[in-house]
Amino acid sequence: MSKVFDLFIIGGGINGAGIARDASGRGLSVCLADKGEIGGATSSWSTKLIHGGLRYLENYEFKLVRESLKEREIVYKIARHISKPIPFIIPHTDKIRPAWLIKFGLLLYDNLGGKTNIPKSKTLDLNKKFPNILKEKFKTGFQYYDIQIDDKKLTKLNAQDAKKNKAKILEYNKVKKAEIINNEWVISLQDKKKIKSKVLINASGPWINETLHKNIKIKSKNKIRLVKGSHIITKKLYKEDVAFTFQNIDKRIIFVIPYKKKFSLIGTTEVEVKSPENTVISKQETQYLIRSVNNYLKKQIRKKDIVDTYSGIRPLIEDFKEASKVTRDYVFDLNIVNKLPLLNIYGGKLTTYRKLSEKVLLDLKKFLPKTKKGPWTDKKKLF
């Protein structure tokens, strides 16, 4: 008789890999399949940051920011060899946000997450501190810290740790169909193999509803918006190891971050798209990023300075707001199909993947009586 897994996870992004690690470390049998490489899609197309989400405070998402700041501390502790704190400077401009509002936001940001090893924010004289980077009109700046990380490596380390705990990780093996046969989920894979499981988790990111409709044959109760975040990479724009948070007239922000020693990473845009396959930066996005940077830097950039680009698609829960104000929080949609659980995971962000994984196992606890222990991933380092 073939093995019946406790959990089958569709999707090898950061959420799927995080769940596989957590569950397998609790003694559960886990199988994960991805149609491509582990961490090869959305989870490697981020801005490479573990951050609290300073701008989410403007949308009053205090709970999300608090959780994110706590997770920032934990992820830095367990993945220190692929992460580092980096200072971010917000040059002040009266035209967009008043100084008192930024100071108040940073005060919240410093304290919402509780005790931290990451430096607190402060006010800077930009003409003294960065005379050769920013235009002279930017006199005052505000410095805060977040964590820069290798997002793809983080995803792969979670999957590797799951493997050490005897999880089965299948790459380049698309789920063709998932159905219930004889009171078990039976998952048919691209390589013609069939896997049995007690619980099915759909963590396929921007493909979540497509997977639900086409492969599991269930209609989604949640509408999502696919939002493309694009980045451009240029040769290093300045020698200092510091990042900038530039405010735009449309109230959005753009990051300029040192990247791989020789480059600068600039992003991100937020453009709604219809398909999760639309991962190419548009001419308009390129112009938007160039214009945003040139508003602030003395050294002006042009299209010819771009050495590479990438775009990632984020699935955000539809709440009929403009794209930049749609929540980055995650939502679980637990369905009981013929007495068997199907959990669809909507949204989420790189920073909160570990906490999301814990909550998944808490929500599924009654279906997984073989679970041997409670939360553990906040203490064991990823190698």
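The values are calculated or read from the model by the stated rules, or taken from the named source; none is laboratory data. Predicted model, so just to flag it, every value in this text is computed and none were measured. All Cβ positions, glycine included, derive from the backbone under ideal geometry; neighbour counts span all protein chains shown.
Some observations on this one:
- Selected residue (only one of 356, 289 is under 22 Å from the mean Cα position of the chain (by Cα), farther than 24 Å from residue 264 by Cα and surrounded by 14 or more Cβ atoms within 10 Å (Cβ to Cβ)): 356
- Options 133, 102, 169; residue that is buried (at least 20 other Cβ atoms within 10 Å of the Cβ), touching a Gly at 6+ places or on another chain (Cβ under 8 Å) and either modelled with pLDDT of 95 or more or assigned by TED's automatic domain parsing to the domain that holds residue 312 (or both): 169
- In the set 90, 50, only one residue is β-branched (Val, Ile, Thr) and over 20 Å from the mean Cα position of the chain (by Cα); that residue is 90.
- Residue check, residue 207 surrounded by 14 or more Cβ atoms within 10 Å (Cβ to Cβ), of a type in the set (Phe, Trp, Tyr), modelled with pLDDT of 95 or more and part of a helix (DSSP H, G or I): yes
- Qualifying residue in segment 138-151 (condition: crowded, with 16+ Cβ neighbours inside 10 Å, in contact with a Gly (Cβ under 9 Å, 6 or more places away or on another chain) and under 30 Å from residue 35 (Cα atoms)): yes
- Top-ranked residue of segment 117-143 - restricted to ones that are outside any helix (DSSP H, G or I) and among the polar types (S, T, N, Q), ranked as farthest from the chain's Cα centre (by Cα): 132
- Meets criteria (part of a helix (DSSP H, G or I) and closer than 23 Å to residue 58 by Cα) for residue 94: no
- Screening segment 45-72 for residues that are among the acidic types (Asp, Glu) and either touching a strand residue (DSSP E or B) at 6+ places or on another chain (Cβ under 6 Å) or surrounded by fewer than 20 Cβ atoms within 10 Å (Cβ to Cβ) (or both) and picking the one that is nearest to residue 244 (Cα to Cα) gives 58.
- Among residues of segment 99-116 that are part of a helix (DSSP H, G or I), those with a Cβ under 8 angstrom from a residue that is among the polar types (S, T, N, Q) and crowded, with 19+ Cβ neighbours inside 10 Å, sequence gap 6+ or separate chain, pair up as 106/121; 107/121; 109/121; 110/121.
- The combined condition, being in contact with a Gly (Cβ under 9 Å, 6 or more places away or on another chain), hydroxyl-bearing (Ser, Thr, Tyr), within 28 Å of residue 136 (Cα to Cα) and assigned by TED's automatic domain parsing to the domain that holds residue 244, is fulfilled by residue 123.
- Check on residue 258, at pLDDT below 95 and either in contact with a Phe, Trp or Tyr (Cβ under 8 Å, 6 or more places away or on another chain) or over 30 Å from residue 223 (Cβ atoms) (or both): no
- Residue in segment 367-374 that is over 18 Å from residue 202 (Cα atoms) and of a type in the set (S, T, N, Q) present: yes
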